[in-house]
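Asks: Below: one structure in structure tokens.
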Amino acid sequence: MSDIIDGIIERAENSRIFRNKEVLRPDYVPGELPHREEQIRRLGTILVTLLRKERPSNVFIYGLTGTGKTAVSKFVLNSLHKRGSNSFKYVYINTRQSDTPYRILADIIETSGLTVPFTGISTAELYRRLVKVVRQENRIIVLVLDEIDTVVKKHGDEVLYRLTRINEELSTSKFTIIGITNDINFVDLLDPRVKSSLGEEELVFPPYNASELEDILSRRVREALKEGTYSQNVISLCAALAAREHGDARRALDLIRVSAEIAERGGKNQIAEDDVYLARNEIERDRVTEVLESLPFHSKLVLIAIIKGLEQRKQLITGEVYDIYRRYAKRLGLESISQRRVSDIINELDMVGLINAKVINRGRYGKTKEVTITKEIRDAVAKVVINDEKLASVWSG
Ligand SMILES: Nc1ncnc2c1ncn2[C@@H]1O[C@H](COP(=O)(O)OP(=O)(O)OP(=O)(O)O)[C@@H](O)[C@H]1O
Ligand SMILES: [Mg+2]
């Protein structure tokens, strides 16, 4: 039996395709970031005052997903820190993980070696401790708040307001905040005062185009994959597919990594274009499952109503979806949501690409929507609903 395991280990160690798979992982910070020279230069210029122990402006960074915001910020701060580690401190917090004001403040305090209990301290007390800690640091603290929209959407912008104001209580040590988001509408959620102090400087990250992605990929694969395992066509294809929606470098890297895994699983020495298409389907399937799992319960129920409705008839309109949905809710002993809300859900499902909803005009009966769904999505829903007892009971009729 142990020879089976030996075989697995040997194959894992002696990959035919990968030289260093880590290089293609999403959180790997590469040594070079081509096509972001301008953003690196601007951020570097803003932050270089750190080396003179002068407080830089706060910076607000935005751009669509996969445009290098996190990578560039880490790259610039790491590079400056290497050249002057005593002159400033650098704290990176992803607010998707630290998703409450309490956690954010606790994280900052804990970087100074203090511990904060999980709960039980008032926010006012946390701020007091924070000010004390920062004072003792006696230098500038750069606070990177990545994916900053997540915490603000859940808890409002009070924490940002307080953090941007904290400098008023400080003398030698000061805070600089770098806020990062991929949600362009996020600024509208902010109080004008927060908006203006966070946005002392603003940096926009445009999406990459296909040839930039190709260049980025070519350099990454040189480190990550063995020579002769990939062709330029394969790289171009990954870049072109990733550029189709918007130029997302993460997607491009995922495509080449998964393609390489597929080729390797097939015992091949080379990645073929077909592997890239298979990779795209695999990634797409994962994405759909993720979206499905994150839907609220009633949205899932509406989705099931659509699928079951379409098993009975060729065409399905909003009112009919609502009737089926209501029957399900009743069967489960739940209060149903309004038809208006169901119609909103149908729009939302359409927007995230789970269904297709087309407006049809019924003359004097007004407008409604006709919904359709693909077989792929139906199959994905079938897999997701079995994890929920209630949904599964409705699904199986
Ligand atoms: N110019 C580049 N050169 C090499 N790799 C890059 C470049 N830009 C981005 N990447 C890589 O693409 C992936 C996504 O980049 P990053 O995480 O910085 O995106 P982001 O803009 O922060 O996206 P999100 O808004 O989703 O957080 C990372 O693995 C990163 O290393
Ligand atoms: Mg990011």
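Asks: Hand me the trypsin sites (Lys or Arg not before Pro) from the range 260-318 located in a DSSP loop with no more than 16 other Cβ atoms within 10 Å, in residue order please.
Replies: Within the range 260-318, the qualifying trypsin sites (Lys or Arg not before Pro) (loop, at most 16 other Cβ atoms within 10 Å) are 268, 313, 314.
Asks: Just to confirm the filter: which GluC sites (Glu not before Pro) across the range 199-292 are DSSP coil and have at most 15 other Cβ within 10 angstrom of their Cβ?
Replies: Hits after loop and neighbour filter: 200, 227, 245.
Asks: Taking a threshold of 32 Å on the Cα-Cα distance, which of the pairs 358/390; 74/375; 69/383; 53/153; 82/174; 358/383 fall above it?
Replies: Among 358/390; 74/375; 69/383; 53/153; 82/174; 358/383, the Cα-Cα distance tops 32 Å for 74/375; 69/383; 53/153.
Asks: Also, quick follow-up: Can you list the HN-Hα couplings for the range 309-320, worked out from phi with the Karplus curve (6.51, -1.76, 1.60; θ = phi - 60°), rounded to whole Hz and with x for Gly and Pro?
Replies: Running phi through 6.51 cos²θ - 1.76 cosθ + 1.60 with θ = phi - 60° gives x, 6, 6, 8, 9, 6, 10, 9, 10, 3, x, 5 Hz.
Asks: Scan around residue 225 for amide H atoms under 5 Å from its own, H built in the peptide plane at 1.01 Å from N, and keep only partners 5 or more places away or cross-chain.
Replies: Under 5 Å from the amide H of residue 225: 19, 20.
Asks: Separate question: May I ask you to evaluate 6.51 cos²θ - 1.76 cosθ + 1.60, the Karplus curve with θ = phi - 60°, for each residue of the range 181-195 and list the ³J(HN,Hα) values in order in whole Hz, giving x for glycine and proline?
Replies: Listing the rounded values in order: 8, 10, 9, 5, 7, 4, 4, 5, 7, 8, 4, x, 5, 5, 4 Hz.
Asks: Quick one: which residues, 5 or more positions from residue 94 or on another chain, have an amide H under 5 Å from its amide H? H modelled 1.01 Å from N in the peptide plane, none for Pro or chain starts.
Replies: Placed amide hydrogens put 146 under 5 Å from residue 94.
Asks: Give me the net charge for the shell around residue 184: Cβ to Cβ below 13 angstrom, other residues only, Lys and Arg +1, Asp and Glu -1.
Replies: It works out to a net charge of -3.
Asks: Taking the chain as a Gaussian network, where each spring joins two C-alpha atoms under 10 Å apart, which residue of 45, 368, 181 fluctuates the most?
Replies: Among 45, 368, 181, the largest GNM mean-square fluctuation belongs to 368.
Asks: What is the antiparallel percent of DSSP beta bridges lying wholly in the chain, to the nearest 5?
Replies: Expressed as a percentage, antiparallel bridges in the chain total about 30.
Asks: To make sure I understand the rule: partners must be lysines, Cα under 23 Å from the Cα of residue 268, and not fewer than 8 residues away in the same chain. Which ones qualify?
Replies: Within the straight-line cut-off, residue 268 pairs with 21, 226.
Asks: Please go through the range 1-108 and write out the GluC sites (Glu not before Pro) that DSSP classes as loop and that have at most 14 other C-beta atoms within 10 Å.
Replies: 32, 54
Asks: Got a sec? How would 389, 320 order by Cβ neighbour count within 10 Å, fewest to most?
Replies: By the 10 Å Cβ count, ascending: 389, 320.
Asks: Pick from 252, 106, 357: which residue has the top mean-square fluctuation in a GNM of the chain where Cα pairs under 10 Å get a spring?
Replies: Ranking 252, 106, 357 by mean-square fluctuation puts 357 first.
Asks: Let me ask another. Lys and Arg at +1, Asp and Glu at -1: add these up for the other residues within a Cβ distance under 15 Å of residue 157 and post the number.
Replies: -1
Asks: Based solely on C-alpha atoms, express the radius of gyration and the Dmax of the chain in angstrom.
Replies: Reported Rg and Dmax, both Å: 25.5, 74.
Asks: Over the range 208-287, what portion of Cα pair distances is larger than 18 Å, expressed as a whole percent?
Replies: Across the range 208-287, Cα pairs with separations above 18 Å total 31 percent.
Asks: How much net charge surrounds residue 234 when only other residues with a Cβ under 9 Å from its Cβ are counted (Lys, Arg +1; Asp, Glu -1)?
Replies: Local charge sum for residue 234: -2.
Asks: Given Cα pairs under 8 Å that are at least 6 residues apart, what percent is the relative contact order of the chain?
Replies: Averaging sequence separation for qualifying contacts and normalising by length gives 17 percent for the chain.
Asks: Specify whether the C-alpha gyration tensor of the range 37-205 places it in the rounded, prolate or oblate class, a ≥ b ≥ c being the square roots of the eigenvalues: rounded for a/c under 1.5, otherwise prolate if a/b is larger than b/c and oblate if not.
Replies: Oblate, since a/c reaches 1.5 and b/c is not below a/b.
Asks: Determine how many Å³ per residue the convex hull of the Cα atoms of the range 295-396 encloses.
Replies: Normalising the Cα hull of the range 295-396 by residue number yields 97 Å³.
Where a number appears in this text, it was derived from the coordinates with a stated rule and is not lab data. Remember, predicted model here, so these are calculated numbers, not experimental data. With ideal geometry, Cβ positions are generated from the backbone for all residues, glycine too; neighbour counts draw on all protein chains shown.
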